[in-house]
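Here the structure comes first, spelled out in structure tokens, and everything after it is commentary.
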Amino acid sequence: MSGIDAYSATRNLIENAFSHLTWHEEVCAQTGFKGISQVWKEDPAWYFWSDKVKGSFLLRLHAEESIGENQYVSLTLHYFPTVDEELYHGLSVGEKRLTSDESVFDRETNTPQFEAYEQFISLFVVAEIGFVIDPDNLLKVLLYSSEEDENHPYHEFIDLLISSLNFQSKQHHQSAFSQRDGALNTSFLSYSEQDFLLFLDAFELESASLEILIPDNRLDKWLQAAHMEAHCSMNGACSCTH
């Protein structure tokens, strides 16, 4: 059994990466980072804003499982489109009702009111994200799954998240894979071959079913994020949030 506290490990991984990011205005501009706000609930969760999309994101931990000495955490990614986005018209009747109700949804931040948070967590889901975290709080495997197409804003969040994690840790994936199951497409980033094989075994995934991802601009960007040279801002922490 793992001795890792999944909640603390997840908080440390996310908050260390974005705390580090806020000291570097140049990197913030490149990634499109606009802001982060912790949701003060028992389960780790954060709102994110990006200059590259109009809406806002919610990332929250919803499950965890031990894999030997490591911890696997599963997170849900939600996207709240603004009313002038095409995606807004694809929302369910219930989702539109919630976002149009100012007593439960804050238009200024484009996020749920704190008291109404629980009404939203089963809705607006666009992707699932998984981390394998070791006892030293290092990322060993990252995966993300979605049925959304390649133009969906969630890709901007994935780009921001991976770039920020790699920039702070100065590590990057060693190999990348994908798997398609009907409309669901899953991408896997392996930061450690040994830990990735343990992950596959724990979830009974056949390596033969995985397709090797050919390096492209996206994968290259994530690799380069770990080697990015950036000067700390003279303005201090949170210099690039607004």
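The values are calculated or read from the model by the stated rules, or taken from the named source; none is laboratory data. These figures come from a predicted structure and were not determined experimentally. Using ideal geometry, Cβ is built from the backbone for each residue, glycine included, and neighbour counts are taken over all protein chains shown.
Worth pointing out:
- So residue 157, is it in a helix (DSSP H, G or I) and touching a Ser or Thr at 6+ places or on another chain (Cβ under 9 Å): yes
- Every test in (1) under 12 Å from residue 13 (Cβ atoms); (2) at pLDDT 95 or above is passed by residue 136 save one, and that test is (2).
- Filter pass, residue 10 being under 19 Å from residue 128 (Cβ atoms), under 20 Å from the mean Cα position of the chain (by Cα) and β-branched (Val, Ile, Thr): yes
- Filtered residue count, region 1-36, keeping only those that are among the basic types (Lys, Arg) and free of Cβ contacts under 8 Å to residues at least 24 places away in the same chain: 0
- Filtered residue count, region 194-242, keeping only those that are hydroxyl-bearing (Ser, Thr, Tyr) and either part of a loop (DSSP other than H, G, I, E, B) or modelled with pLDDT of 95 or more (or both): 3
- Output for region 157-198, where each listed residue is more than 19 Å from the chain's Cα centre (by Cα) and either over 25 Å from residue 228 (Cβ atoms) or of a type in the set (Asp, Glu) (or both): 180, 181, 182, 183, 193, 194, 195, 197, 198
- Residue in region 22-33 that is part of a strand (DSSP E or B) and under 17 Å from the mean Cα position of the chain (by Cα) present: yes
- Residue match in region 170-185 (condition: part of a helix (DSSP H, G or I) and on the phi < 0 side of the Ramachandran plot): no
- Residue pairs whose Cβ atoms lie under 7 Å apart, separated by 6 or more positions or on different chains, with the first residue in region 155-171 and under 17 Å from residue 47 (Cα atoms) and the second hydroxyl-bearing (Ser, Thr, Tyr), are 156/50; 157/50; 158/144; 160/31; 160/50; 164/31.
- Among the candidates 211, 150, 156, residue that is touching a Lys or Arg at 6+ places or on another chain (Cβ under 7 Å) and farther than 22 Å from residue 133 by Cα: 156
- Note on region 75-112: residues that are under 21 Å from the mean Cα position of the chain (by Cα) and outside any helix (DSSP H, G or I) amount to 12.
- Residues in region 160-167 include none that are out of contact with any Lys or Arg (no Cβ under 6 Å at 6 or more places or on another chain) and surrounded by fewer than 21 Cβ atoms within 10 Å (Cβ to Cβ).
- Qualifying positions in region 113-147 - surrounded by fewer than 16 Cβ atoms within 10 Å (Cβ to Cβ), of a type in the set (Asp, Glu) and part of a loop (DSSP other than H, G, I, E, B): 136, 147
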